[in-house]
Amino acid sequence: AALLAVPFVILAAGCGGAVAAAPAPGSVASPPPPMPTHYPRTKTVEVVDEYFGTKVADPYRWLEDDNSSETAAWVAAQNAVTEAYLANAPAREAIKARLTKLWDYEKFGLPFKEGGRYFYSRNDGLQPQNVLYVADSLAASPRVLLDPNTYRADGTAALTGVAVTDDGSHMAYGIADAGSDWETYRVRSVADGKDTSDEIKWVKFSEASWTKDGKGFFYSRYDAPKEGEALSGVNRFQKVYYHRLGTPQEQDALVYDRPDQPDWGFSASVSEDGTLLHIVCWQGTDRRNRYFYAPLNREGGAPARAGVVELMAELEAQYTPIGNVGGTLYFVTDLRAPRSRVIAVDTTKPQREHWKEVVPQAEATLTGASMVGGHLICQYLKDAASQVRVFDLAGKHVRDVDLPGIGTASGFAGKQADAETFYSFVSYTVPPTIYRYDVKSGQSTVFKRAKVDFDAGAYETTQVFYPSKDGTKVPMFITARKGLKLDGSHPTLLYGYGGFNIPVTPAFSPAVAVWLEMGGVYAVANIRGGGEYGEQWHKAGTKLSKQNVFDDFCAAGDWLVANKYTRPGRLAIQGGSNGGLLVGACMIQRPDLFGAALPIVGVMDMLRYQKFTIGWAWASDFGAAEDGKEMFEYLYRYSPYHALLGAKKGAKFPPTMVITADHDDRVVPAHSFKFAAALQAAGSRDYAFDAENPLLIRIETRAGHGAGKPTAKKIEEAADQWAFLARALKFEPAVK
């Protein structure tokens, strides 16, 4: 249920239509549409709310109705202005062509093994969605098991989840349409690739987990939304169900729900030995959770409701189950360990005094662990870069995994009987390489290595630590061409997130690679609110401390300017979701510091975010206006939408392109709609369009919060963002 920390490469937006292809040699290109003269004049309404005696106007409330023809007309008018501006960007087609070429490389997902077969995803380069393959061995030729590209002509149906039975005979899989968080689960025979009659609707924030006998699976879902509220209705009262193969959904057994706790959500999974149903009970985006379990019998089926044991019944810490040996459960927890540790709990002696520490807290932050081949494989972050350590089940250190350098390692899934596991390693300049790891010997061998038309050796990533406003040292990765002359001239893109205990670690993006080739510098600030240094770092950027996040980000910009990487007129900022809020707040608080802003699918109305879909879940990080006068006043002070409503007419803001999508049911598009309307009203003189200081919004149709976006739309989005920044930052991009 967390806000999505989406990597740049899958964030948001075309303008509701495909970008025109470059003309064929010898043909005459159509002239671009004329540059806009005015923004659409957005009407205002008389809506006033009162919070603790303070009256707050909301003149663009009508844009919250995503089903109205009036909102649709506003969207079309805004997209027309944005498209006309971008069509006049001279580098747009060249950037798009280079992005297309660089994006066209073979991509693989991490393999996993069930029933003696290997399953993994592959994309031949420019396919809209990754295709799922199955193979009898790593050396055998794989065959297509499921191709989501056949579901929709526009490539907007995405495979969201896969669960295979222990014997490898059947697969439950989720499909999401047009970027929605809603999923429909179906079942496919692995042998012949044919679907059964099974269909499970209205699944959200869940996975499927089969019983040991393969006769059914557990999942979580909400009640079907009312008509017209699928994209905006509030999601509460999640329930755990058991579905028996071959039966209609109406007959699914209700396993666990809490009618007295509307905000509780549940993640249900079957233990590797099939004896337990783990139920992780989450409450919004709070890092803390409760943990319950239910014994399962060998014949499968749903456990009795009365059989659910509430082992960790208080919301006091994070408890993530990683496996069991008989009745002993292993967890990653931050109980009395803000950087997390591994503990073991004997279910026959569940009292806390009998809990055992297996792997103690370390200086680095423990982000996850798995039990593979009789070992614990623990993944850590040290200054936002990966470290991986291997222990035996008693907690004795066996070895460290030798990683290729500073970057991000992910994966290491498997079973206790497995002799192997797989992981991916990636950095800002090196695309993902997938390794097979021999658990007994500790040897890593390359399984698949991406081959990209990019000269990684020409660039380097450095890490610096800069002081924030209150003196806190904050790490930042800076990637640029080797031998960069620090003369303050370089167009620089600063990215940040800063929320929900989510760390931002090194990743490869074809879009960022093109940005570097264009002559740009790419900086990522690991600001407070994220998970880079454990729970204390996270808490320092939440609720009444949220301003620390904005201060950290602005301090990163100040450092880049002071150290002559760039100057304010050449410094752009970008962030999505919670990072969109970050960009929206910082461009208003420090308009002098930034030359352009890209707030993507951002949370912009901090007084009403909790009233839509899963927004209520974010109160653990943000706080809510209803929490009291102090909390309301704090939110009201930095809320980007309200800050714009209070700005003077004709106020100066950096060139901005707000990005959202009409099917975003995570951060509903009304946030961006209202923000853009207020930005244009405050930042222009009587809605006159200024080509030197554009204030735009791009709204993609049939797209959501970011996940599942087809490749062509990713390329269009990146091309338009880079073309926008080239104009806004006034530089001539060097395009290959």
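General remarks:
- Distribution of pairwise C-alpha distances over the range 422-486, 5 Å bins, in %: 4, 14, 16, 15, 14, 14, 11, 7, 4, 1
- Placing dummy labels 7 Å off each Cα toward the beta-carbon, the span from ALA94 to LEU126 is 2.0 nm.
- Restricting the range 534-585 to trypsin sites (Lys or Arg not before Pro) that sit in a DSSP loop and have at most 15 other Cβ atoms within 10 Å of their own Cβ leaves LYS564.
- Dipole size of the chain about its Cα centre, with +1 on Lys/Arg Cβ and -1 on Asp/Glu Cβ: approximately 1460 debye, rounded to the nearest 20.
- Taken along its three principal axes, the alpha carbon spread of the range 36-82 comes to 42, 26, 14 Å, from the longest extent down to the shortest.
- As computed over the range 166-246, the Cα convex hull volume per residue (Å³): 100 Å³
- Given in Å, the Rg to one decimal and the Dmax to the nearest whole number for the Cα atoms of the range 73-115 are 18.9, 56.
- For the range 275-428: span of alpha carbons on each principal axis (Å, largest first): 50, 33, 29
- Helical runs assigned H by DSSP (4 residues or longer) give the chain a calculated mean residue ellipticity at 222 nm of -5000 deg cm²/dmol, each run adding -39500 (n - 2.57) before division by the residue total.
- Normalised by 2.2 N^0.38 Å, where N is the number of residues, the C-alpha radius of gyration of the range 208-305 stands at 1.12.
- Accessible surface of the chain, 1.4 Å probe, proportion on carbon and sulfur as whole %: 51 percent
- Of all DSSP beta bridges confined to the chain, the antiparallel ones make up roughly 85%.
- Nearest 10 degrees, 0 to 90: helix 578-589 Cα axis against the chain principal axis: 30 degrees
- log10 of Debye I(q)/I(0), alpha-carbon scatterers only, for the range 332-400 at 0.22 Å⁻¹: -0.94
- Checking the cross-link pairs LYS611/LYS714; LYS204/LYS539; LYS113/LYS714; LYS107/LYS415 against a 32 Å limit on the alpha carbon distance flags no pair as lying beyond it.
- Counting only the Cα atoms, the range 102-190 fills a convex hull of 100 Å³ per residue.
- Expected-Rg normalisation [2.2 N^0.38 Å, Cα atoms] applied to the range 593-667: 1.22
- The range 404-500: trypsin sites (Lys or Arg not before Pro) in DSSP coil with no more than 14 other Cβ atoms inside 10 Å: LYS440, LYS451, LYS469, LYS482, LYS485
- Against the rule of thumb 2.2 N^0.38 Å, how large the Cα Rg of the range 618-736 comes out: 1.25
- Remark: the range 418-528 projects, on average over all directions, an area of 9.7 nm² (convex hull of Cα atoms).
- Couplings 3J(HN,Hα) for the range 137-147, derived from phi with the Karplus relation 6.51 cos²θ - 1.76 cosθ + 1.60 (θ = phi - 60°), are 7, 5, 8, 6, 6, x, 10, 5, 9, 8, 10 Hz, where x marks Gly and Pro.
- The loop-placed trypsin sites (Lys or Arg not before Pro) in the range 85-149, going by DSSP, include none that has at most 11 neighbouring Cβ atoms within 10 Å of its Cβ.
- Spatial extent of the range 467-520: Rg and Dmax, with the Cα atoms as the point set, Å: 13.6, 36
- Whole-angstrom gap from the range 242-263 to the range 68-144, using each part's C-alpha centre: 34 Å
- Percent of alpha-carbon pairs separated by more than 20 Å within the range 466-589: 39 percent
- Percent of Cα-Cα distances greater than 11 Å, calculated over the range 194-235: 73 percent
- Of the residues GLY457, LEU493, LEU159, the one whose Cα sits farthest toward the positive end of the charge dipole of the chain, with +1 on the Cβ of Lys and Arg and -1 on the Cβ of Asp and Glu, is GLY457.
- Between helix 670-683 and the chain: long-axis angle, C-alpha atoms, 0 to 90°, nearest 10: 20 degrees
- Multiplying the residue separation of THR275 and VAL234 by 0.36 nm and removing their Cα-Cα distance gives an extension gain of 11.3 nm.
- Tilt relative to the chain, helix 629-638 - C-alpha long axis, 0 to 90 degrees, to 10: 50 degrees
- Within the chain, longest stretch free of exposed GluC sites (Glu not before Pro) [DSSP loop, at most 10 other beta carbons within 10 Å]: 364-691
- The orientation-averaged projected area of the convex hull spanned by the Cα atoms of the range 112-246 comes to 9.0 nm².
- For ILE588, solvent-accessible area (1.4 Å; no DNA, RNA or ligand), Å²: 30 Å²
The values are calculated or read from the model by the stated rules, or taken from the named source; none is laboratory data. Quantities reported herein were computed from a predicted structural model and do not represent experimental measurements. Cβ: placed from backbone, ideal geometry, glycine included. Neighbour counts: every protein chain shown. Side chains are part of the model used for accessible areas, which takes the heavy atoms of the whole protein and leaves out ligands, DNA and RNA. Shrake-Rupley method; radii C 1.70, N 1.55, O 1.52, S 1.80 Å.
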